[in-house]
Structures are given as C-alpha cells and as structure tokens.
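A.B. asks: Sending over a structure as structure tokens; questions will come in a sec.
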Amino acid sequence: NLGTVSATSIPDGTSVDASDPSHYFGSDPRIDIEKATNGQDADTPTGPLIPVGDRVAWSYVVTNTGNSILMAVNVTDDDPGVRIACPRIGGLPPGRSMTCSATGTSVIGQYANLGTARAVDAGGNSAQGNNPPAQGAGDTDPSHYSGVLSLIEIEKSTNGVDADNAPGPFIPVGDPVTWTYQVTNTGNVVLTGDITITDD
C-alpha cells in the first residue's frame, strides 16, 4: 500500500507532497508429512507383516502445503535408533515435496514409530500441520509393522516317555507301543493350512 502526505507552505501557498510504499506478505506456512513402511501408509496396526531380521524401509514425504517457501526443513523419528537421510535443499517452495528415507531391521511383535516434520518461513514463523506434535509446531505421521516370527516345535513321546536318547523305555516284546506327537506354535503368528506330522 502507499502512504501519501500533502501540505501547503506558508506564506507563499506552495503545495508539497510526498509518498512512500509499504509491503507485507501474508504468510501461511504449512507442512505435511506422510510416512510409509515398506511402501505402505501404515497409519494403524498391524501394518505390513515383516519377518524378523528382514530389512525395513521407511519413507518420509514432506510437502509444503502453505503459501511461502519453507526453510530449515527438519525430519525426525521418535525412535532414536532410526537415522533419517534427507536431500539437501535451500528451501521447499509451496506445493513441492521432498522425500527422506531410513532403514532398519525388523524386530519381533508390533512396532510403531512416529515421523515429525518441522520448518519455518523466511520470517521465522513455524509451519503448522494437521497433526502437530505434542510440543511445538509441525506435522506428524505414525507408521507400523508387525515383526513376524514363524516357529513350530514337536515333542515325540514313546509310551509317555520323552525318549530322545537310546535306549528309551523297556517294553516287553509283543506289548503295545504308543507314540504321541505334541505340536506347539512357538512363534507369534497363527499357523494355518495343513499342519502335517510325518514319521520316518
């Protein structure tokens, strides 16, 4: 906008005026983060089923959803063991996105972690997100996976004796021999299909 001043001099009645412009930018800094685990947007449990010990890949897509360039974009994870790599950028323009990544190793059971993105505009105003962290501005997005450990155990008994080693129980010739096979799921997932027991 433009400010203008006018005046008339005394005593000769000469008119004088001057003007000076002024500006501001109505900044609405906003940020969005979308975190995925092994390519899945696993906001809720269980997320993808990943065998224990396998590689886990996380991606963090950060988008500028506001109207001003975002500076000092910072992406973190609430799991201190996760090391995030982000591209080096001078600033993130409105409507643009950048992708950060991290990797880990699957652990047993239900796993959850939270990605957080923070940034400021050129005036130092913090970017706001739809899911701000508990403290401060920014945006968060959860992700999950289930570390799958498929295990099975069999215990064979001869006439009620767990006879792993010879000679086993002494049974009179001609008497009945009864074998029992106790099968236990010692993993953390349901075993389905035909559960088959064989004997050599």
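A.B. asks: Which of Gly91, Gly123, Gly66 ends up with the largest GNM mean-square fluctuation for the chain, with Cα atoms connected below 10 Å?
C.D. replies: Sorting by GNM fluctuation, first place goes to Gly123.
A.B. asks: State the extension gain, in nm to one decimal, for the chain segment bounded by Ser6 and Leu49, taking 0.36 nm per residue of separation less the distance between their alpha-carbons. Let's see the in-between values first.
C.D. replies: On the way: separation 43, 0.36 × 43 = 15.48 nm, distance 7.55 nm.
Result for the pair: 7.9 nm of gain on full extension.
A.B. asks: Check each of the trypsin sites (Lys or Arg not before Pro) in segment 96-189 and keep only those in coil by DSSP with at most 14 other C-beta atoms within 10 angstrom; list them in order.
C.D. replies: Arg96
A.B. asks: Considering the options Thr65, Pro45, Ile89, tell which one lies farthest towards the positive end of the dipole of the chain, charges being +1 on Lys and Arg and -1 on Asp and Glu at the Cβ, about the Cα centre.
C.D. replies: Going by the Cα projections, it comes out as Ile89.
A.B. asks: Shifting gears a bit: Using a Gaussian network for the chain with springs between C-alpha atoms less than 10 Å apart, which of these wobbles most: Thr44, Thr103, Thr63?
C.D. replies: Answer for the Gaussian network model of the chain: Thr44.
A.B. asks: Sticking with this one: Provide the per-residue ³J(HN,Hα) series for segment 29-37, in order, calculated from phi with Karplus coefficients 6.51, -1.76, 1.60 and θ = phi - 60°, each as a whole number of Hz, with x at glycine and proline positions.
C.D. replies: x, 9, 9, 9, 10, 10, 9, 10, 10
A.B. asks: Can you give me the pair-distance distribution of the chain, C-alpha pairs, 10 Å bins, whole percents?
C.D. replies: Binned Cα distances yield the sequence 8, 22, 17, 12, 10, 10, 8, 6, 3, 2, 1, 1, 1, 0, 0.
A.B. asks: Output the relative contact order of segment 64-144, whole-number percent, from Cα pairs under 8 angstrom with separation of 6+ residues.
C.D. replies: 31
A.B. asks: Right, next: Rounding to the nearest 20 debye, state how big the charge dipole of segment 42-90 is about its Cα centre with +1 on each Lys and Arg Cβ and -1 on each Asp and Glu Cβ.
C.D. replies: 240
A.B. asks: What whole-number distance in Å separates the alpha-carbon centres of segment 16-78 and segment 79-142?
C.D. replies: Taking the Cα centre of segment 79-142 as reference, the centre of segment 16-78 is 6 Å away.
A.B. asks: Now for a different question. Plugging the Kirkwood radius over Cα pairs into Stokes-Einstein for segment 74-159, at a temperature of 4 °C and a viscosity of 1.567 mPa s, what D comes out in µm²/s? Don't skip to the answer; put the middle values down first.
C.D. replies: Numbers: Rh = 16.1 Å.
Taking Rh from Cα pairs, D becomes 80 µm²/s.
A.B. asks: Averaged per residue, what accessible area in Å² does segment 1-152 show with a 1.4 Å probe, protein chains only?
C.D. replies: That works out to 58 Å² per residue.
A.B. asks: Calculated FRET efficiency, Ala112 and Phe25, Cβ-Cβ r, R0 30 Å, to nearest 0.05?
C.D. replies: Working from the Cβ atoms, E equals 0.15.
A.B. asks: Using Cα springs under 10 Å in a Gaussian network model of the chain, which residue among Ile108, Ile69, Ile171 shows the largest mean-square fluctuation?
C.D. replies: Greatest mean-square fluctuation among the candidates belongs to Ile171.
A.B. asks: Let me ask something additional. Treat each spin label as a single point 7 Å out from the Cα along the C-beta direction, and report the Asp175 to Asn74 distance in nm.
C.D. replies: So the label points at Asp175 and Asn74 sit 7.7 nm apart.
A.B. asks: Then there's this: Ordering Asp77, Asp194, Asp20 from largest to smallest accessible area (1.4 angstrom probe), what's the sequence?
C.D. replies: Largest to smallest exposure gives the sequence Asp194, Asp20, Asp77.
A.B. asks: Still on this structure, I have one more. Toward the positive end of the charge dipole of segment 125-200, about the Cα centre and with charges on Cβ (Lys, Arg +1; Asp, Glu -1), which of Asn125, Val173, Gly193 goes farthest?
C.D. replies: Asn125
A.B. asks: Which ³J(HN,Hα) values in Hz, rounded to whole numbers, follow from the phi angles of segment 89-98 under the Karplus curve 6.51 cos²θ - 1.76 cosθ + 1.60, where θ = phi - 60° and Gly and Pro get x?
C.D. replies: Karplus values, whole Hz, x for Gly and Pro: 10, x, x, 10, x, x, x, 9, 10, 9.
The values are calculated or read from the model by the stated rules, or taken from the named source; none is laboratory data. What you see is a predicted model, and the numbers here were worked out from it, not measured in a lab. Ideal geometry is used to build each Cβ from the backbone, glycine not excepted, and the neighbour counts take in all protein chains shown. Remember, those area values only see protein heavy atoms, side chains included, never the ligands or the DNA or RNA. Shrake-Rupley method; radii C 1.70, N 1.55, O 1.52, S 1.80 Å.
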